[in-house]
Amino acid sequence: MDLLHKLRAIESRLAMFEDAAATPGLTVIEGVLGPCEVIVQGRPTLMFGSNNYLGLTKHPDVVDAARRALDDYGTGTTGSRTANGTFALHEALERDFAEWFGKRHAIIFSTGYQANLSLIGGLCGAGDVILIDSDSHASIYDATRQTPSQVIGFRHNSADSLRRKLERLPRGERNRLVVVEGLYSIRGDVAPLLDIANICSANGAYLLVDEAHSLGTYGARGLGCAEDQGVLDRVDFIVGTFSKSLAGIGGVCVSDHPELRALHFLARAYVFTASGSPSNVASVAAAVRVIRQHPELRERLWTNIRALRRGLRDVGYAIGESESPIVPILIGDEERTIALWQGLLTAGLYVNLIVPPGCPKDDCVLRASCSAAHTPDQIDRALEIFARARSRSAESLALQRGHTVARAF
Ligand SMILES: Cc1ncc(COP(=O)(O)O)c(C=O)c1O
């Protein structure tokens with residue numbers, strides 16, 4: 001078999017979209033009009049498909065901090081944290097995170113993906129056991145693949161399934177790590193962290209919670225689902241990303257375990273890659289300050305979530321049960337999902353398209369995400385586009401099938 005065969009298969013799949021309005025996965029944002037409005041194909045487009053949950057990408061304090069760091073430190077660090085890439089800015093941001101979380105230690109990474117690679121790869125070796133939720137993000141799956149550890153999956157968000165798997169392991173060992181997410185990124189459902197923490201304690205397992213989507217959006221201080229569910233002190237390692245609410249790029253882990261510091265020498269995804277650029281690190285520090293000083297941003301986000309969910313239900317879309325910044329619109333069939341996504345984009349609304357391999361074949365989803373920066377007018381305009389697209393799609397299905405489609409999407 002030719003090595004290039006896999007790539008040619010993708011090319012021929014893309015060719016199917018050549019004449020279509022837009023090709024999934026290849027949307028180009030040509031300009032940014034605001035935190036929730038961009039230009040795509042020359043047209044102003046409402047952005048309901050970013051992870052800019054608190055709308056901080058254009059916040060004046062965040063932008064100013066980046067600009068000042070650019071002037072003071074230049075564009076890049078040109079090296080890894082361990083070699084020549086640790087600037088005072090990196091250490092200051094680690095102190096900020098430790099203080100914000102009330103944890104003794106924090107370590108930052110160049111991306112959230114690398115945070116998981118570093119943590120899981122640094123902690124787990126031969127003879128260890130990693131237990132992961134079956135809906136885990138690719139960075140968690142990939143992190144487990146780099147280790148010689150035994151990897152065991154458990155049913156999504158099922159504390160019972162986790163308990164059964166842990167109870168089958170030999171007792172008395174401290175060589176097992178349970179990895180879950182606070183808020184799951186496709187369906188927007190939240191992990192039962194209290195039950196999971198109790199099961200980990202009862203079975204001598206360490207617990208890592210990836211709060212990529214929940215950092216900034218959940219909890220009285222915005223620390224995520226562990227804070228929201230009152231179990232912050234029961235979690236061994238909290239991982240976060242800067243690429244969502246924090247409007248930058250990078251990742252972090254906070255923990256009370258002093259051993260965390262050794263990742264600086266041990267974690268390959270940290271040691272063998274360049275550190276975050278000064279402007280980015282400074283902008284993330286400013287975003288943390290804004291989040292800490294402005295809890296009303298979170299209130300605005302949740303008001304918007306409720307308005308979007310109510311509106312989508314009113315126009316007949318099936319959406320997931322869990323109320324979160326991620327609103328999954330359940331469509332099912334791949335072709336219909338792609339057609340609807342293209343229709344929305346052509347009408348000026350960008351949402352995320354989730355088709356295989358991101359989900360099972362007949363379980364395709366459009367994923368809308370909310371931001372504190374969405375205005376009521378932007379939400380109304382988005383809902384109008386959703387409503388028009390739904391009636392067009394229902395009409396075309398009725399024509400194709402020769403009958404009226406009564407079922408909601
Ligand atoms: C749960 C989870 N972990 C980690 C990541 C990776 O974060 P980053 O984009 O900072 O690499 C993501 C990104 O979507 C995610 O959803």
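Tabulated results
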| item | result |
| --- | --- |
| Qualifying positions in the stretch 229-240 - away from the ligand (no atom under 13 Å from the Cβ) and of a type in the set (Val, Ile, Thr) | VAL231, VAL235 |
| One residue from GLY42, GLY85, GLY49 being closer than 30 Å to PHE265 by Cα and not hydroxyl-bearing (Ser, Thr, Tyr) | GLY85 |
| Within the stretch 369-397, tally of residues that are modelled with pLDDT under 85 and of a type outside the set (Lys, Arg) | 6 |
| Given (1) in contact with a strand residue (DSSP E or B) (Cβ under 9 Å, 6 or more places away or on another chain); (2) of a type in the set (Val, Ile, Thr); (3) not assigned by TED's automatic domain parsing to the domain that holds THR217, number of the condition THR303 does not satisfy | (1) |
| Helices (runs of 4 or more DSSP H) wholly inside the stretch 1-116 containing at least 2 residues that are in the same structural domain as LEU246 (by TED's automatic domain parsing), of a type in the set (A, V, I, L, M, F, W, C) and surrounded by 13 or more Cβ atoms within 10 Å (Cβ to Cβ) | 60-73, 88-101 |
| Condition met for LEU162 (buried (at least 24 other Cβ atoms within 10 Å of the Cβ) and in the same structural domain as GLU94 (by TED's automatic domain parsing)) | yes |
| Any chance GLY76 is touching a residue at least 24 places away in the same chain (Cβ under 8 Å), under 14 Å from GLN378 (Cβ atoms) and not polar (S, T, N, Q) | no |
| Flag for ALA226 being hydrophobic (A, V, I, L, M, F, W, C), more than 11 Å from the ligand (Cβ to nearest atom) and not in a loop (DSSP other than H, G, I, E, B) | yes |
| Filter result (within 15 Å of the ligand (Cβ to nearest atom) and under 20 Å from the mean Cα position of the chain (by Cα)) within the stretch 271-287 | GLY276, ASN280, VAL281, SER283, VAL284, ALA287 |
| The lone exception for VAL32 - which of (1) away from the ligand (no atom under 16 Å from the Cβ); (2) under 22 Å from ILE186 (Cβ atoms) it fails | (2) |
| Verdict on GLY248 being closer than 27 Å to ARG300 by Cα, assigned by TED's automatic domain parsing to the domain that holds ASP96 and either touching a residue at least 40 places away in the same chain (Cβ under 8 Å) or within 16 Å of the ligand (Cβ to nearest atom) (or both) | yes |
| The stretch 340-381: number of residues that are aliphatic (A, V, I, L, M) and part of a loop (DSSP other than H, G, I, E, B) | 5 |
| Residue count for the stretch 263-299, restricted to those that are under 16 Å from GLU94 (Cβ atoms), touching a strand residue (DSSP E or B) at 6+ places or on another chain (Cβ under 9 Å) and of a type in the set (Ser, Thr, Tyr) | 2 |
| Residues (of a type outside the set (A, V, I, L, M), farther than 28 Å from GLY358 by Cβ and in contact with a helix residue (DSSP H, G or I) (Cβ under 9 Å, 6 or more places away or on another chain)) located in the stretch 168-222 | ARG176, ASN198, CYS200, SER201, ASN203, GLY204, TYR206, ARG221 |
| Boolean, ALA262 is away from the ligand (no atom under 14 Å from the Cβ), in contact (Cβ under 8 Å) with a residue 24 or more places away in the chain, outside the structural domain of ALA372 (by TED's automatic domain parsing) and surrounded by fewer than 21 Cβ atoms within 10 Å (Cβ to Cβ) | yes |
| Some residue of the stretch 229-243 being closer than 25 Å to ALA65 by Cβ, assigned by TED's automatic domain parsing to the domain that holds THR111 and not in a strand (DSSP E or B) | yes |
| Criterion (of a type in the set (Ser, Thr, Tyr) and more than 16 Å from the ligand (Cβ to nearest atom)) met by exactly one of SER255, SER243 | SER255 |
| Residue satisfying condition, being out of contact with any His (no Cβ under 8 Å at 6 or more places or on another chain), over 22 Å from GLU384 (Cα atoms) and not β-branched (Val, Ile, Thr), within set PRO328, PRO258, PRO295 | PRO295 |
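The values are calculated or read from the model by the stated rules, or taken from the named source; none is laboratory data. In this text the structure is predicted, and so the values were computed from the model without any measurement. Virtual Cβ from ideal backbone geometry, glycine too; neighbours counted across all protein chains shown.
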